[in-house]
Amino acid sequence: MTVVAAPTLHVTKGHGTQNDFVLLDDRDARVELSAALVRGLADRRAGVGGDGVIRVVASEHLPEGVAALAEEPAAHWFMDYRNGDGSVAEMCGNGVRVFAAYLERLGLWDAADGELALGTRAGVRRVRRVEVPAGIGDDVWYAVDMGRWHLPGGADAVRAGADAEVDVAGLEVARAGLSVDVGNPHVVLALGDEDELAAADLSRAPQVTPVPPNGTNVELVVPLGEHEAPDGSLVGRLRMRVHERGVGETRSCGTGACAAALAVRTWAGVGAPDVWLVDVPGGTVRVSVLPDGHVELAGPAVLVAAADVDLTALTAGR
Ligand SMILES: N[C@@H](CCC[C@H](N)C(=O)O)C(=O)O
């Protein structure tokens, strides 16, 4: 009898503040990463489970990667990010850190050699290893220059503090929200206190008006005040929950944390801190608003498992 081996796919599971991903080393672009395959891998009952799927691919193999190489010839590796529902997203802040940890595991980057430049659909991102802030666990931390951010609503939105209305299940009235673009779309709304934050029902997607043409991620935030760092600078703190486009409620969102800090800083006005600690259900990340119009995200990245996925079993019935 001839035994024919089932086609398998070797994957790694990782997370950044519990925003979890299925990682795939496809450096030579041999895998047809269909939406159905992404949904299968991300499925928490019939698959591996994750909020998204991240593929490592050599930039030269994708048109978006070639664009990244034109921006930065050192961006050899491209982060092909997919949401759990199979949709393609421009960017994933927690994902970039986990991608960097995965490249280290694969021997494709050594943090001791200096920063990593990588391609994403939102442009090139740069990553370096950083010290873990005191009192925030002992995982390895990475800082990512997340590039330029902007408020799509412009000066009018800054003046009004809002450019959207957001209806969230579990909250009695619709709230004003501020749109923030950090390479992917976000709408941030402030809630009165932590009880209200807990009352929000994010099992259903918040309804945003006007309807964003490409969908949006939605962050609910409660500012927690400010404290003085040992160097005398001000550090802001806020708590956040998020409903991610293409996923649902997740335990963290790196681009969402950046958007949340940028919105709260905009609302606070002149003199507001440039550095924010953002508490999410899955941990804490740090957001720093840089003087050059960029924003930096720092936080942990953890690789927890590796497995060979039986593709026949995974895709049966899909
Ligand atoms: N969790 C990510 C964001 C992933 C993409 C997002 N759902 C979108 O569709 O824009 C992060 O950490 O930034």
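With respect to the conditions (1) open to solvent by 60 Å² or more (accessible area, probe 1.4 Å); (2) closer than 20 Å to GLY161 by Cα, THR266 falls short on a single one, namely (1). Checking the stated criteria, ASP113 turns out to be without any contact (Cβ under 8 Å) to a residue 60 or more places away in the chain and of a type outside the set (Phe, Trp, Tyr).
Can you tell me which residue in region 225-263 is surrounded by the most Cβ atoms within 10 Å (Cβ to Cβ), limited to those that are of a type in the set (A, V, I, L, M, F, W, C) and more than 21 Å from LEU202 (Cα to Cα)? Let's see the steps before the verdict.
Step one: list which residues in region 225-263 are of a type in the set (A, V, I, L, M, F, W, C), which gives 229, 234-235, 238, 240, 242, 247, 253, 257-263.
Filter once more, so that each one left must be more than 21 Å from LEU202 (Cα to Cα): 229, 234-235, 262.
Details: ALA229: 11, LEU234: 14, VAL235: 18, LEU262: 23.
Selected residue: LEU262.
Filtered by the rule that a residue be modelled with pLDDT of 95 or more and acidic (Asp, Glu), region 114-147 gives GLU115, ASP145. Would you say PRO212 is assigned to a loop (DSSP other than H, G, I, E, B), within 13 Å of the ligand (Cβ to nearest atom) and not aliphatic (A, V, I, L, M)? Taking the combined requirement at face value, the residue satisfies it.
Any chance region 304-311 includes a residue that's touching a residue at least 40 places away in the same chain (Cβ under 8 Å), surrounded by 15 or more Cβ atoms within 10 Å (Cβ to Cβ) and within 20 Å of VAL182 (Cα to Cα)? Full working, then the answer.
In the first step, residues of region 304-311 are kept if they are touching a residue at least 40 places away in the same chain (Cβ under 8 Å); the result is 304-311.
Right, trim to surrounded by 15 or more Cβ atoms within 10 Å (Cβ to Cβ) and you get 309, 311.
Subset that is within 20 Å of VAL182 (Cα to Cα): none.
Within region 304-311, none of the residues are touching a residue at least 40 places away in the same chain (Cβ under 8 Å), surrounded by 15 or more Cβ atoms within 10 Å (Cβ to Cβ) and within 20 Å of VAL182 (Cα to Cα).
For region 191-202, the set of residues classified as in a helix (DSSP H, G or I) and surrounded by fewer than 16 Cβ atoms within 10 Å (Cβ to Cβ) consists of GLU194, ASP195, ALA198, ALA199, listed by residue number.
Could you list, in sequence order, the residues of region 226-247 that are assigned to a strand (DSSP E or B) and either hydrophobic (A, V, I, L, M, F, W, C) or in contact with a Ser or Thr (Cβ under 7 Å, 6 or more places away or on another chain) (or both)?
Initially, region 226-247 is screened for residues assigned to a strand (DSSP E or B), giving 226-228, 234-244.
Within region 226-247, LEU234, VAL235, LEU238, MET240, VAL242, GLU244 meet the criteria.
Quick check: is even one residue across region 33-49 open to solvent by 60 Å² or more (accessible area, probe 1.4 Å), over 17 Å from the mean Cα position of the chain (by Cα) and of a type in the set (A, V, I, L, M)? Yes: one or more hits. Being within 15 Å of the ligand (Cβ to nearest atom), in contact with a helix residue (DSSP H, G or I) (Cβ under 6 Å, 6 or more places away or on another chain) and not hydroxyl-bearing (Ser, Thr, Tyr) is the filter here, so list the residues in region 48-107 that pass it. If the condition is that a residue be within 15 Å of the ligand (Cβ to nearest atom), in contact with a helix residue (DSSP H, G or I) (Cβ under 6 Å, 6 or more places away or on another chain) and not hydroxyl-bearing (Ser, Thr, Tyr), then GLY50, VAL53, ILE54, MET79, ARG82, GLY84, GLY86, MET91, GLY93, ASN94 are the ones that fit. Just one residue in the set ALA260, ALA205 is within 16 Å of the ligand (Cβ to nearest atom), outside any strand (DSSP E or B), under 23 Å from GLY283 (Cβ atoms) and not assigned by the TED database to the domain that holds MET91; that residue is ALA260. Looking only at residues of region 54-100 that are under 22 Å from LEU9 (Cα atoms) and of a type in the set (Gly, Ala, Ser), we find that the one that is most open to solvent (accessible area, probe 1.4 Å) is SER87. Just to be sure before I move on: is VAL235 touching a residue at least 24 places away in the same chain (Cβ under 8 Å), within 15 Å of the ligand (Cβ to nearest atom) and touching a Pro at 6+ places or on another chain (Cβ under 9 Å) in the structure I sent? No; evaluated as a whole, the condition is false for this residue. Only a single item in (1) within 16 Å of the ligand (Cβ to nearest atom); (2) loosely packed, with under 14 Cβ neighbours inside 10 Å; (3) outside any loop (DSSP other than H, G, I, E, B) is not met by VAL188, and it is number (2). In region 269-281, the count of residues that are modelled with pLDDT of 95 or more and more than 20 Å from LEU178 (Cα to Cα) is one or more.
The values are calculated or read from the model by the stated rules, or taken from the named source; none is laboratory data. Source: prediction; values computed, not measured. Reconstructed Cβ throughout: ideal geometry from the backbone, glycine too, with neighbour counts over all protein chains shown. In case anyone asks, the SASA skips ligands and DNA or RNA and just uses the protein heavy atoms, side chains included. Shrake-Rupley method; radii C 1.70, N 1.55, O 1.52, S 1.80 Å.
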